[in-house]
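Structure, as structure tokens:
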């Protein structure tokens, strides 16, 4: 399905409850972007995933992504190295009602593509 999707930087997906799971190499890439060594980065910005099978980014109080900053339009503090999970939104997510939170969701919906 080919859908014209343009993020409006509402930040709602970055405030959605859940884990931002890091895949192999992503912690290292983010650490480099932030000018940190990977040990300091993981100690400061990650936690053991709920399934204990890797790392996820920590959250701010209230559940926002630790790298979500500013006011609308929101900015991703790690845009150049953001995790695949974030890059895959919305088409790679299995979240049926994402249209309710996403300001860029087409009015006809695209849940069939997720």
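Number of residues in segment 17-32 that are at pLDDT below 95, part of a loop (DSSP other than H, G, I, E, B) and either touching a helix residue (DSSP H, G or I) at 6+ places or on another chain (Cβ under 8 Å) or loosely packed, with under 15 Cβ neighbours inside 10 Å (or both): the value is 3. Considering only segment 33-44, I want to know if a residue exists there that is more than 13 Å from residue 12 (Cα to Cα), modelled with pLDDT under 90 and not in a strand (DSSP E or B). No: segment 33-44 contains no residue that is more than 13 Å from residue 12 (Cα to Cα), modelled with pLDDT under 90 and not in a strand (DSSP E or B). Starting from segment 53-69, keep only residues that are touching a residue at least 24 places away in the same chain (Cβ under 8 Å) and on the phi > 0 side of the Ramachandran plot, then list their pairs with residues that are surrounded by 15 or more Cβ atoms within 10 Å (Cβ to Cβ) and in a loop (DSSP other than H, G, I, E, B) whose Cβ atoms are within a distance under 7 Å, requiring at least 6 positions of separation or different chains. Pairs that qualify, where the first residue is touching a residue at least 24 places away in the same chain (Cβ under 8 Å) and on the phi > 0 side of the Ramachandran plot and the partner is surrounded by 15 or more Cβ atoms within 10 Å (Cβ to Cβ) and in a loop (DSSP other than H, G, I, E, B), are 54/22. Residues that are more than 13 Å from the chain's Cα centre (by Cα) and within 13 Å of residue 82 (Cβ to Cβ): does segment 47-64 have at least one? For segment 47-64, residues more than 13 Å from the chain's Cα centre (by Cα) and within 13 Å of residue 82 (Cβ to Cβ): absent. Restricting attention to segment 77-98, the residues that are closer than 18 Å to residue 17 by Cβ, touching a helix residue (DSSP H, G or I) at 6+ places or on another chain (Cβ under 7 Å) and either surrounded by 12 or more Cβ atoms within 10 Å (Cβ to Cβ) or at pLDDT 90 or above (or both) total 3.
Scanning segment 33-46 for residues that are surrounded by 14 or more Cβ atoms within 10 Å (Cβ to Cβ) and either touching a strand residue (DSSP E or B) at 6+ places or on another chain (Cβ under 8 Å) or closer than 17 Å to residue 76 by Cα (or both) yields 33, 34, 41, 42, 45, 46. Count, please, the residues in segment 47-57 that happen to be part of a loop (DSSP other than H, G, I, E, B) and surrounded by 14 or more Cβ atoms within 10 Å (Cβ to Cβ). The qualifying residues number 2. Going by what's in this entry, would residue 6 be described as in contact (Cβ under 8 Å) with a residue 60 or more places away in the chain, surrounded by fewer than 15 Cβ atoms within 10 Å (Cβ to Cβ) and within 26 Å of residue 99 (Cβ to Cβ)? For residue 6, the condition - in contact (Cβ under 8 Å) with a residue 60 or more places away in the chain, surrounded by fewer than 15 Cβ atoms within 10 Å (Cβ to Cβ) and within 26 Å of residue 99 (Cβ to Cβ) - is met.
The values are calculated or read from the model by the stated rules, or taken from the named source; none is laboratory data. On a predicted model such as this, the values are computed, not experimentally measured, just so you know. Quick reminder, even Gly has a Cβ in these numbers, built from the backbone with ideal geometry, and neighbours come from all protein chains shown.
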